[in-house]
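Please read the structure below before turning to the comments.
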């Protein structure tokens with residue numbers, strides 16, 4: 001019995017870590033994301049072998065043939081050993097793109113889980129009545145089967161403690177901000193391009209001010225609290241806060257927290273359409289930033305985005321419009337050129353023209369740079385300092401970042417693919433001279449239009465690429481259909497289970513004396529990985 005319980009504990013701890021990882025990636029079930037994920041991934045959370053020990057003990061309980069117990073202890077032990085091996089073999093080649101972060105919240109969750117399971121384990125070991133003991137064994141086996149849901153229940157149990165922790169750090173950050181009346185806060189939101197826009201603005205403003213930007217893609221209340229409590233310095237003049245949301249009201253909450261004076265709205269698209277429910281809801285949510293700005297602040301809006309142009313603002317904050325297609329914007333770009341160095345364009349504002357050169361790629365980055373120029377000029381940053389900052393800008397990691405990998409030129413656009421970003425990335429790829437390859441698992445969280453947008457993406461790929469590597473057969477079916485509909489050669493389509501396997505395929509496609517450019521468009525989080533057959 002002891003060896004059986006030992007293998008059981010090892011297996012259930014391993015499975016609990018997997019469940020906590022998925023719960024964390026699904027934002028602790030915000031908007032029921034985790035529960036929806038479990039429904040979509042039944043084959044991931046349940047395994048037929050998990051039911052065998054339960055059936056063993058149920059049989060003994062019903063038959064009252066206790067002589068079978070020793071046999072079933074040993075048999076169940078080997079079942080769990082096999083399950084441990086199976087899980088390990090399944091996952092050893094799949095390096096998590098976003099590993100489990102062992103935060104205080106995760107530690108509490110694990111402790112709660114251990115207490116629940118440990119309590120039943122103790123009762124099982126101490127119980128002398130065989131029928132009751134068998135009931136405890138069946139409960140333990142059932143716990144192992146429903147482990148993903150038990151972890152969710154434990155997270156609900158932890159809710160009061162999580163709430164207290166949140167209030168503590170929230171109030172601590174609020175006190176720190178209250179002491180910094182001289183601090184200028186800038187908010188940045190949008191469906192796409194928030195992090196890139198934030199990094200560009202930070203580089204531009206840092207030539208005159210001491211700036212502090214939220215690190216990486218910290219754009220939640222917790223992310224802002226971490227930035228303020230752990231990183232904001234008493235000498236900082238400017239706080240640049242990236243603001244993300246999955247539902248209405250979240251941007252307003254962030255604004256009530258940090259009170260931005262200036263705001264940049266990148267673009268309104270279909271990212272997270274599944275959780276927002278409609279494009280209108282996305283639009284209203286993103287404008288929560290702009291409508292939270294004071295009348296002596298400034299909003300930077302995109303005149304090429306019809307959703308921004310047609311939106312009726314509910315406050316009187318001054319607006320600076322930027323654009324590429326619309327030359328009636330306050331600041332707009334012309335003469336866009338691509339080269340081995342990156343991009344160059346002419347920035348037009350107040351009748352002035354300045355030539356801008358950058359290592360960044362993609363039209364979406366032109367909008368981000370224009371927004372940085374607009375706010376930089378408003379905050380009295382010298383134009384020559386702005387140009388110098390733009391010249392030395394480094395690409396944001398995994399956002400159309402040009403890399404050299406052995407003999408391959410990689411356009412790494414792996415982070416958070418979306419219809420607008422994907423189109424811009426393909427446009428950039430089309431300007432490269434050599435063999436062109438697109439590697440993608442498609443786009444997600446687009447709700448009812450997801451299939452349609454991936455189908456269109458496939459058609460767009462067919463107009464640019466020589467080869468296409470699809471990651472995940474089921475998820476990329478719409479892309480495949482779009483490719484075939486547009487007469488893309490079937491022999492030039494490869495379907496793989498893992499993005500890592502694509503590197504060897506791309507290398508094999510290289511022709512002597514000819515460069516090869518591979519666009520890696522999106523790299524889905526672990527929650528979207530397809531089950532290997």
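Bear in mind that the values in this text are calculations on the coordinates, not laboratory data. All values reported here derive from a predicted model rather than from experimental measurement. Heads up, the Cβs are rebuilt from the backbone with ideal geometry, glycines too, and the neighbour counts pull from every protein chain shown.
Histogrammed with a bin width of 10 Å, the alpha carbon distances of the range 453-510 distribute as 25, 55, 19 percent, first bin at zero.
Fraction of C-alpha pairs exceeding 27 angstrom in the range 181-391: 26 percent, rounded to a whole number. Ellipticity at 222 nm from helices only: DSSP H runs of n ≥ 4 in the chain, each -39500 (n - 2.57), divided by the residue count, give -15000 deg cm²/dmol. Relative contact order, whole percent, for the chain stands at 11, derived from Cα pairs under 8 Å and 6 or more residues apart.
Placing a label point 7 Å from the Cα of residue 180 along the Cα-to-Cβ direction, the residues of the range 248-265 whose backbone N falls under 17 Å of that point are 254-263. In the range 2-157, the ratio of gyration radius to Kirkwood radius, Rg to Rh, stands at 0.99 when only Cα atoms are counted.
For the range 329-351, the residues whose amide N sits under 13 Å from a probe point set 7 Å from the Cα of residue 427 along the beta carbon direction are 333-338.
Taking the Cβ-Cβ separation of residue 130 and residue 9 as r and a Förster radius of 30 Å, what is the calculated FRET efficiency to the nearest 0.05? E between residue 130 and residue 9, to the nearest 0.05, is 0.85. Placing a label point 7 Å from the Cα of residue 278 along the Cα-to-Cβ direction, the residues of the range 293-321 whose backbone N falls under 18 Å of that point are 307-308, 310-313.
Using just the alpha carbons, could you tell me how many Å³ per residue the convex hull of the chain encloses?
Hull volume normalised by residue count: 170 Å³.
Taking a ≥ b ≥ c as the square roots of the eigenvalues of the alpha carbon gyration tensor, the range 184-280 is prolate, as a/c is not under 1.5 and a/b beats b/c. If the chain linking residue 313 and residue 404 were pulled fully straight, counting 0.36 nm for each residue of separation and taking away their Cα-Cα distance, it would gain 28.2 nm. In the range 401-528, Rg over Rh equals 0.93, where Rg is the alpha-carbon radius of gyration and Rh the Kirkwood radius from pairwise Cα distances. An oblate overall shape is assigned to the range 66-163, the ratio a/c of its alpha-carbon gyration tensor axes (a ≥ b ≥ c) being 1.5 or greater and a/b not exceeding b/c.
Working from label points 7 Å from Cα in the Cα-to-Cβ sense, the residue 119 to residue 107 distance is 2.3 nm. Computed from the Cβ-Cβ distance with R0 of 35 Å, the FRET efficiency linking residue 149 to residue 449 stands at 0.70. Over the range 112-258, the pair-distance histogram of Cα-Cα distances with 5 Å bins from zero comes to 2, 8, 14, 14, 12, 9, 7, 7, 7, 6, 5, 4, 2, 1, 0, 0 percent, rounded to whole numbers.
Projected area of the range 282-423, taken from the Cα convex hull and averaged over every viewing direction, in nm²? Please report the intermediate quantities before stating the final value.
Details: hull surface 38.4 nm².
Mean orientational projected area (the range 282-423, Cα hull): 9.6 nm².
Quick one: compute the contact order of the range 401-528, relative version, from alpha carbon pairs under 8 angstrom and 6+ residues apart, as a percent. Numbers along the way, then the final one.
Details: 225 pairs, mean separation 50.8, N = 128.
Relative contact order comes out at 40 percent.
Rg and Dmax, both from the Cα atoms of the range 49-118 and both in Å, are 17.2, 49. Most simply put, the chain has about 35% antiparallel DSSP beta bridges, counting only bridges with both residues inside it. Packing around the peptides 466-472, 121-127, 398-404, taken as the average count of other Cβ atoms within 10 Å per residue, puts them in this order, highest first: 466-472, 398-404, 121-127.
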